[in-house]
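Visitor: Below: one structure in structure tokens.
The values are calculated or read from the model by the stated rules, or taken from the named source; none is laboratory data. Given the structure is predicted, the values throughout are model-derived calculations rather than measurements. Every residue, glycine among them, receives a Cβ derived from its backbone with ideal geometry; neighbour counts consider all protein chains shown. Note: areas computed on protein heavy atoms with side chains; ligands, DNA, RNA excluded. Shrake-Rupley method; radii C 1.70, N 1.55, O 1.52, S 1.80 Å.
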Amino acid sequence: MEAVYELYLQHPVITTDSRMCPPDSIFVALKGDKFNGNAFARKAIEGGCAYAIVDEPEYADDPRMILVNDCLKTLQELARHHRSQFAGKVIGITGSNGKTTTKELLAAVLSEKYKTLFTTGNLNNHIGVPLTLLRLTKDDEFAVIEMGANHPGEIKVLCDICEPDYGLITNVGKAHLEGFGSFEGVIKTKGELYDFIRKNNGKIFINHDNDYLQAISGGIDKIEYGREPGLFVSGKLKDDGMYLSFEWKTGNLENQSVQTRLVGEYNLENALAAIAVGTYFGVEAASVNKALSEYVPRNNRSQWKKTEHNSLIIDAYNANPSSMTASLTNFAKMKAAPKAVILGDMLELGEKSREEHQKIIDLLNGFRFEKVFLIGECFASTENAYQSFRTVSDFIGGIPKAGLQGFTILIKGSRGLNLEQTIGYL
């Protein structure tokens, strides 16, 4: 590892894609179900990489090919070693819902005062976390690392790699039940972040209002935020308009007011988490407010879009029973009329799928939106009286008959359905 790390220090750009080889970088030949990165090592060298790390001897036919036992483990160990040299603070974030939005808000707030590295895109797994850590430089003061999981033990693995000094779990919900096996499995796996923090005498930022998180946080130094007055950071909603607007307070500071560009009151907890972290590390209130008010959501997360015909609330990056319930409940409270809902299946729920989709139908029945459209095989298996389509293409073909003009429309579903394809037709 020392030899590999010396090479990395001389060529501190890592790539795992032979189609993207910055000059003088190092290619790591990872394997997948349908590809073998070793077979592309030569192409990576020819494309500009200074070295390629491979784990099959037949490909180590050049002095620039570095042979190791396991490329993935080497990548992870390299990242762990590089993180151990980092003098700044590492904040680990996970959760069933809101972790990406919280990560981006938190990074925006910290960046007002500190040089902050943070996870980009969806690089939050056993490959993405190491790649993020290997972007750390001596100038960085904070690293905000998002950690995702869909099976037990995965958060523990990521914690062992990034060794967070501080932890933040946004919430626990019924996501990836197929992989976790049960809601209890979700709690246990997300709680692996707390386990690491507890073992290493770190601190957590915790939502005071979340009973599940409070129940598994014993024995850890806690910095609490939530809606209850008197916490380290407390906040409350100002109105039920399209965008999240709220007040927050900490210590003897007078009440602060923030108008965001985030859709949905469920984002209040995400914003308060970012405020708690920023305030704890000395970011001034004015800078906190500036960061939150200027943040613009992307990637179909809590976005609002005005088209020629309708107003769209686009929350189609992901969906599970918890986030779907929150989105629908929030949408029902909004002062807008008429309202339409386009819902796509919630994937990876395993044997609980039909039961959880039926619960969403039952919830919908109580809201009485003017129009409801369901997309996907899972919703098609439920008992409902709404217009249902097997695929997004089927729905798009039916839009001219749907009379969707002048509506405020919520679009919500799992990423695998590609509901964003509907946007151009609405």
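Visitor: In whole Hz, what ³J(HN,Hα) sequence does region 117-122 give by Karplus (6.51, -1.76, 1.60; θ = phi - 60°), x for Gly and Pro?
Guide: 8, 8, 4, 9, x, 10
Visitor: Another one. To the nearest 10 Å², what's residue 425's accessible area with a 1.4 Å probe?
Guide: 140 Å²
Visitor: Here's a follow-up. What is the extension gain from residue 255 to residue 335, computed as 0.36 nm multiplied by their sequence separation minus the C-alpha to C-alpha distance, in nm to one decimal?
Guide: The residue 255-residue 335 span can extend by a further 26.2 nm.
Visitor: Next question, about the same structure. Stick to the Cα atoms of region 61-198, pair each with every other, and give me the Kirkwood hydrodynamic radius in Å at one decimal.
Guide: Across region 61-198, the inverse of the average 1/r is 15.4 Å.
Visitor: Given H placed 1.01 Å from N in the peptide plane, which residues other than close sequence neighbours of residue 372 have an amide H under 5 Å from its amide H?
Guide: Under 5 Å from the amide H of residue 372 lie the amide H atoms of 341, 387, each far enough along the sequence or on another chain.
Visitor: Starting from the coordinates of the alpha-carbon atoms of region 102-160, obtain the Kirkwood hydrodynamic radius over all distinct pairs and give the value in Å to one decimal.
Guide: One over the average 1/r among Cα pairs gives 12.0 Å for region 102-160.
Visitor: Sticking with this structure for a sec: Under a Cβ-only charge scheme (Lys and Arg +1, Asp and Glu -1), can you give me the dipole magnitude of region 205-332 about the Cα centre, in debye to the nearest 20?
Guide: It works out to roughly 360 debye.
Visitor: Ordering 357, 309 from largest to smallest accessible area (1.4 angstrom probe), what's the sequence?
Guide: Largest to smallest exposure gives the sequence 309, 357.
Visitor: Return the percentage of antiparallel bridges among DSSP beta bridges fully within the chain, rounded to the nearest 5 %.
Guide: 25 percent
Visitor: Once both labels are modelled 7 Å past Cα along the beta-carbon direction, what's the residue 141-residue 396 spacing in nm?
Guide: Rounded to a tenth, the inter-label distance reads 4.7 nm.
Visitor: Shifting gears a bit: Let me know the number of lysine pairs in region 29-166 closer than 25 Å at the Cα, not counting same-chain pairs under 8 apart.
Guide: Summing the qualifying lysine pairs gives 24.
Visitor: Determine how large the accessible area of residue 373 is when every protein chain is in place; take a 1.4 Å probe and give Å² rounded to the nearest 10.
Guide: Approximately 0 Å² for this residue.
Visitor: Per 20 Å bin from zero, what fraction in whole % of the C-alpha pairs of the chain is there, up to the bin with the longest pair?
Guide: Percent of pairs per bin, in order: 25, 52, 23, 1.
Visitor: Can you give the extra length, in nm with one decimal, that the chain gains between residue 359 and residue 280 once fully stretched, where that is 0.36 nm per residue apart less the Cα-Cα distance?
Guide: 24.5 nm
Visitor: Set the Förster distance to 22 Å, then compute FRET efficiency between residue 35 and residue 73 from the Cβ-Cβ distance, nearest 0.05.
Guide: Approximately 0.75, to the nearest 0.05.
Visitor: Quick one: helix 99-110 against the long Cα principal axis of the chain, what's the angle to the nearest 10°, folded into 0 to 90?
Guide: Tilt relative to the chain: about 70 degrees.
Visitor: Quick one: give the max-minus-min coordinate of the C-alpha atoms of region 244-283 along each principal axis, largest first, in Å.
Guide: 28, 18, 13
Visitor: OK, next. When the Karplus curve 6.51 cos²θ - 1.76 cosθ + 1.60 is applied with θ = phi - 60°, which whole-Hz ³J(HN,Hα) does each residue of region 395-406 get, with x for Gly and Pro?
Guide: 5, 4, x, x, 4, x, 8, 7, x, 8, 9, x
Visitor: Considering only protein heavy atoms, with the full assembly of protein chains and a 1.4 angstrom probe, order 1, 20, 147, 242 by accessible area, largest first.
Guide: Sorted by accessible area, descending: 20, 1, 242, 147.
Visitor: Working with all protein chains in place, sort 368, 415, 301, 80 by solvent-accessible area computed with a 1.4 Å probe, largest first.
Guide: Result of the area sort, largest leading: 368, 415, 80, 301.
Visitor: In nanometres, what is the gap between the two model label sites at residue 306 and residue 87, each 7 Å from Cα along Cα-to-Cβ?
Guide: So the two model labels end up 5.0 nm from each other.
Visitor: Still on this structure, I have one more. For region 1-156, what does the accessible surface come to per residue with a 1.4 Å probe? Please give it in Å².
Guide: 46 Å²
Visitor: Angle between the Cα long axis of helix 285-294 and the longest principal axis of the chain, 0 to 90 degrees, nearest 10?
Guide: 80 degrees
Visitor: Moving on. May I ask you to give the solvent-accessible area per residue for region 300-426, in square angstrom, as obtained with a 1.4 angstrom probe?
Guide: Using a 1.4 Å probe on heavy atoms only, each residue of region 300-426 averages 45 Å².
Visitor: Note down, for region 8-115, the three equivalent ellipsoid semi-axes (square root of 5 times each alpha carbon gyration tensor eigenvalue), biggest first, whole angstrom.
Guide: Semi-axes (√(5λ), whole Å): 31, 16, 14.
Visitor: Using +1 at the Cβ of each Lys and Arg and -1 at the Cβ of each Asp and Glu in the chain, identify which of 60, 231, 212 lies farthest towards the dipole's positive end.
Guide: Of the options given, the answer is 231.
Visitor: Further question on the same structure: Between residue 349 and residues 5 or more places away or on another chain, which pairs have amide H atoms under 5 Å apart, with H built 1.01 Å from N, and which residues are they?
Guide: Placed amide hydrogens put 178 under 5 Å from residue 349.
Visitor: Expressed as a whole percent, how much of the Cα-Cα distance distribution for region 138-288 exceeds 18 Å?
Guide: 61 percent
Visitor: Would you mind telling me the antiparallel percentage of the DSSP bridges in region 180-279, rounded to 5?
Guide: If we restrict to bridges inside region 180-279, about 55 percent are antiparallel.
Visitor: Note down the Stokes-Einstein diffusion coefficient of region 207-310 in µm²/s, whole number, using a Kirkwood radius over alpha carbon pairs, 20 °C, and 1.002 mPa s.
Guide: Using the Kirkwood radius from Cα pairs, D works out to 146 µm²/s.
Visitor: Continuing with the same structure: Whenever you get a sec, compute what percent of the accessible area on the chain sits on carbon and sulfur atoms (1.4 Å probe).
Guide: 48 percent
Visitor: Another question, if that's okay. Give me log10 I(q)/I(0) at q = 0.11, 0.12, 0.16, 0.18 Å⁻¹ for region 235-385, Debye formula, one equal scatterer per alpha-carbon, no solvent.
Guide: -0.51, -0.59, -0.92, -1.07
Visitor: Nearest 20 debye, what's the magnitude of the dipole of the chain about its Cα centre given +1 on Lys and Arg Cβ and -1 on Asp and Glu Cβ?
Guide: The dipole magnitude comes to about 1060 debye.
Visitor: Using a Förster distance of 30 Å, how high is the FRET efficiency between residue 160 and residue 222, based on the Cβ-Cβ distance and rounded to 0.05?
Guide: Taking R0 as 30 Å, the efficiency between residue 160 and residue 222 is 0.85.
Visitor: How many nm is it between the label spots at residue 150 and residue 293, if each spot is 7 Å from the Cα in line with the beta carbon?
Guide: 4.0 nm
Visitor: Then there's this: Return a whole-number percent for the relative contact order of region 1-158, with Cα pairs under 8 Å and 6 or more residues apart as the contact set.
Guide: 18 percent.
Visitor: Quick one: plug the Kirkwood hydrodynamic radius of region 1-66 (C-alpha pairs) into Stokes-Einstein at 20 °C, 1.002 mPa s, and report D in µm²/s.
Guide: Value of D from the Cα-based Kirkwood radius: 185 µm²/s.
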